[in-house]
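K.L.:
Sharing a structure, written as structure tokens. Questions coming.
The values are calculated or read from the model by the stated rules, or taken from the named source; none is laboratory data. This one's a predicted model, so the numbers in the text were calculated from it and none came from an experiment. Cβ placement follows ideal geometry from the backbone for every residue including glycine, while neighbour counts extend to all protein chains displayed. Just so you know, the surface numbers come from the protein's heavy atoms only, side chains and all, with ligands and any DNA or RNA stripped out. Shrake-Rupley method; radii C 1.70, N 1.55, O 1.52, S 1.80 Å.
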Amino acid sequence: MTVQELAGRLGWELLAGEGGCGREVDGCYVGDLLSWVMSRAQAGNVWLTVMGNINAIAVASLTDSACIVLTESAALDAEARARADQQEIPVYTTGKNSYETALAVAEALG
Amino acid sequence: MSMLSLKYEVPGDDFTRAGEASSDVKHKLKQLGYDPGAVRRVAIAMYEGEINMVIHAGGGEAYVEISPEEVEIHLVDHGPGIPDVEKAMQAGYSTAPDNVRSLGFGAGMGLPNIKKYTDDLQIETEVGKGTTLIMKVRPGA
């Protein structure tokens, strides 16, 4: 399933990084401590977090995450938005919390 | 034999630019068709090192030598040095200030992550003079 298909199914709203939406999704990771995430998230993961700063974009890029989903409507700052567009890393927002979102991802990915 | 020599300035106190050097190295290694596992390890270790330089040392320089056998990275700063390297290497030990923690760093994972992802790590440090990290990553290792 692609990032775009998953996002459409789960009702996430795209904030930035549209160029990367055709990417295939492989699994999911949840976390907010960037060093921790960096050492554990795997390529292709949907990454659920509340960290919407430019460093989160760097971590998504370095780990080759498929996309970032900002849960509980956490904010994406302007610099992060620009970097996500430039690096084509999709960033979505949802009002649901990380637990609910992870459950929905698990169900959608089967 | 070195395939590529790179040098970067790591800006001090600028979190928005931290990661530029490691992103660029990652990109170049990919272009060279380098082993993907090694690319990931280089990128993570170097980014952690860059963040450390921004948080603790007011920036510095990164030197990267890429050869088919290994990637060797020297991260050189002129910051305060590390008084107790053994302590700094412990997972969870951090001297990062609160504003850094609110950005998602400062979990005491930086040096442990670098150690975990490199095949060789040497730390040369002197209090009041600065710190140099020398890390090596070998493909397939």
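K.L.:
For chain B, what does the helix formula give at 222 nm: sum of -39500 (n - 2.57) over DSSP H segments with n ≥ 4, over the residue count, nearest 500 deg cm²/dmol?
P.N.:
Computed ellipticity for chain B at 222 nm equals -10000 deg cm²/dmol.
K.L.:
Can you compute 3J(HN,Hα) from phi for each residue in the range A:27-38, using the Karplus curve 6.51 cos²θ - 1.76 cosθ + 1.60 with θ = phi - 60°, rounded to whole Hz and x for Gly and Pro?
P.N.:
Along the range A:27-38, the couplings run x, 8, 9, 10, x, 10, 7, 5, 5, 5, 4, 4 Hz.
K.L.:
Averaged across the residues of A:55-62, what count of C-beta atoms belonging to other chains lies within 10 Å of each residue's C-beta? Don't skip to the end; give the middle numbers.
P.N.:
Numbers: counts 10, 2, 2, 11, 4, 0, 7, 12.
Mean inter-chain Cβ contacts per residue within 10 Å come to 6.
K.L.:
Skipping prolines and chain starts, which residues have an amide H placed within reach, meaning under 5 Å, of the one on A:Y92, given they are 5 or more residues away or on another chain?
P.N.:
A:L15, A:I68, A:V69, A:L70
K.L.:
While we're here: What distance in nm lies between label points placed 7 Å from Cα along the C-beta direction at B:T95 and A:V50?
P.N.:
3.0 nm
K.L.:
So, one more: Give me a comma-separated list of calculated 3J(HN,Hα) values for the range A:51-63, in order, Karplus coefficients 6.51, -1.76, 1.60 applied at θ = phi - 60°, integers in Hz, x for any Gly or Pro.
P.N.:
8, x, 9, 5, 5, 5, 5, 4, 5, 4, 5, 5, 8
K.L.:
Largest first and in whole Å, what are the equivalent-ellipsoid semi-axes of the protein assembly as shown based on the Cα gyration tensor, each being the root of 5 times an eigenvalue? Kindly include the intermediate steps, with their values, before the conclusion.
P.N.:
Details: eigenvalues 195, 82, 47 Å².
That gives 31, 20, 15 Å for the three semi-axes.
K.L.:
Can I ask one more? Using a simple spin-label model with points 7 Å from Cα along the Cα→Cβ vector, what separation in nm is obtained for A:A106 and B:S102?
P.N.:
The answer from the label model is 3.4 nm.
K.L.:
Also, I was wondering about something else. What number, in percent, do you get for the relative contact order of chain A if the mean sequence gap of Cα pairs under 8 Å and at least 6 apart is divided by its residue count? Walk me through the numbers on the way to the answer.
P.N.:
On the way: 245 pairs, mean separation 36.0, N = 110.
Worked out over chain A, it gives 33 percent.
K.L.:
Mind listing, in residue-number order, the residues in the range B:19-43 that have at least 30 Å² less accessible area with every protein chain present than in their own chain alone (1.4 Å probe)?
P.N.:
Listed by number, the residues meeting the 30 Å² cut-off are B:S23, B:K26, B:R40.
K.L.:
If you don't mind, there's one more thing I want to ask. Check A:G31: other-chain or 5+ apart residues with amide H under 5 Å from its amide H, H built from backbone geometry?
P.N.:
Result for A:G31 returns A:L48.
K.L.:
As a test of the definition: which semi-axes, in Å, follow for chain B when you take the square root of five times each eigenvalue of its alpha carbon gyration tensor? Largest first, please.
P.N.:
24, 15, 15
K.L.:
What is the distance, in nm, between label points placed 7 Å from the Cα along the Cα-to-Cβ direction at A:W36 and at A:Y99?
P.N.:
The answer from the label model is 1.6 nm.
K.L.:
Give, as a single signed number, the net charge of other residues whose beta carbon lies under 12 Å from the beta carbon of A:A66, with Lys and Arg counted +1 and Asp and Glu -1. List each step's numbers first, then the result.
P.N.:
Details: positive: A:R23; negative: A:E5, A:E24, A:D26, A:D64, A:E88.
Surrounding charge for A:A66 is -4.
K.L.:
I'd like the FRET efficiency for A:A78 and B:E69, computed as 1/(1 + (r/R0)^6) with the beta carbon distance as r and R0 of 30 Å, rounded to 0.05.
P.N.:
Numbers: r = 42 Å, r/R0 = 1.42.
Between A:A78 and B:E69 the formula returns 0.10.
K.L.:
Which net charge results when you count Lys and Arg as +1 and Asp and Glu as -1 among the other residues whose beta-carbon is under 14 Å from that of B:A45? Present the calculation step by step, with values, prior to reporting the outcome.
P.N.:
Numbers: positive: B:K26, B:R40, B:R41, B:K115, B:K116, B:K136, B:R138; negative: B:E48, B:E50, B:E70, B:E72, B:D119, B:D120.
Value of the local net charge: +1.
K.L.:
Sticking with this one: If you build the Cα gyration tensor of the range A:1-109 and take the root of 5 times each eigenvalue, what three semi-axes come out, in whole angstrom, biggest first?
P.N.:
Details: eigenvalues 59, 42, 38 Å².
Value: 17, 15, 14 Å, ordered largest first.
K.L.:
Taking K and R as +1 and D and E as -1, what net charge do the other residues with C-beta under 15 Å from the C-beta of A:L103 add up to? Each step should come with its number before you reach the end.
P.N.:
Details: positive: A:R9, A:K96; negative: A:E72, A:E100, A:E107.
Overall, the nearby charge balance is -1.
K.L.:
List the pairs from B:K7/B:K87; B:K26/B:K116; B:K30/B:K136; B:K26/B:K115 whose alpha-carbon separation is above 22 Å, in the order I gave them.
P.N.:
The answer is B:K7/B:K87.
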